[in-house]
């Protein structure tokens, strides 16, 4: 009898825990991260599951997600499952990111792809794979632990360029009160972000994919994106003369 009660308690406990999932993600107040949190919170809510996030430095977040200590990674570019073999990509894009170079207003810098960055001292947030994988070995890099620190290095003249997503970079520049940093056009690359599950959650792949496709058809994903874009639009127009 005691064994039966114990098994019942364990079953209830497991079921309760199974209704909550945790995903690693980048540290900082990144608008794209907030969009992804909103989208995936909505998606998991439709499955009757509560989602939490664990902010960590870029590389550590992937290692934690891959370890199985948590349930996966909130969003990353395509191909992370080729490197981190315990991660499964959910095949619906939840984020669109323009990767751009930022420079000081007085700097006569122009860029036309990753190879054009080699003459410059380049800062970025350590562990962001799309940046690290595209910078040429000959590029003089100064990685920082956060995008905020990368922008501070640029403002102080310790680097010539800082690389980040357009929306996030503009928000951080605004939050830091920097008046002389601008994005350089055109973007270095336009990428898409995808949600990743740990292999232990493989059973969630099909229902989660269906829900995200439904949200895509309903315009829900687009609405979450546009809400954040509108929040940075005025700031971007003040700096560049046009909306992002």
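The values are calculated or read from the model by the stated rules, or taken from the named source; none is laboratory data. It should be emphasised that the depicted structure is a prediction, and the values quoted were computed from it without experimental measurement. Glycine also receives a Cβ, built like all others from the backbone with ideal geometry; neighbour counts cover every protein chain displayed.
The criterion of being touching a residue at least 60 places away in the same chain (Cβ under 8 Å) and under 19 Å from the mean Cα position of the chain (by Cα) holds for residue 95. Of the residues contained in region 143-156, one or more are found to be in a strand (DSSP E or B), farther than 18 Å from residue 43 by Cα and free of Cβ contacts under 8 Å to residues at least 60 places away in the same chain. Among the residues in region 66-75, are any in contact (Cβ under 8 Å) with a residue 40 or more places away in the chain, assigned by TED's automatic domain parsing to the domain that holds residue 201 and at positive phi? Yes, that holds for at least one residue. Out of all the residues in region 158-168, is one or more farther than 30 Å from residue 41 by Cα, touching a residue at least 24 places away in the same chain (Cβ under 8 Å), part of a strand (DSSP E or B) and not assigned by TED's automatic domain parsing to the domain that holds residue 44? For region 158-168, residues farther than 30 Å from residue 41 by Cα, touching a residue at least 24 places away in the same chain (Cβ under 8 Å), part of a strand (DSSP E or B) and not assigned by TED's automatic domain parsing to the domain that holds residue 44: present. Scanning region 105-128 for residues that are surrounded by 19 or more Cβ atoms within 10 Å (Cβ to Cβ) and over 30 Å from residue 37 (Cα atoms) yields 111, 117. Remark: pairs (first residue in region 110-132, in the same structural domain as residue 155 (by TED's automatic domain parsing); second residue assigned to a loop (DSSP other than H, G, I, E, B) and surrounded by 19 or more Cβ atoms within 10 Å (Cβ to Cβ); Cβ separation under 6 Å; 6+ apart in sequence or on different chains) = 120/160; 121/159; 121/160; 123/159.
This table checks each residue for (1) assigned to a loop (DSSP other than H, G, I, E, B); (2) under 28 Å from residue 203 (Cα atoms).
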| residue | (1), (2) |
| --- | --- |
| 94 | no, yes |
| 98 | no, no |
| 109 | yes, no |
| 124 | no, no |
| 127 | yes, no |
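Among the residues making up region 129-142, a single one is closer than 15 Å to residue 58 by Cβ and in a strand (DSSP E or B): 141.
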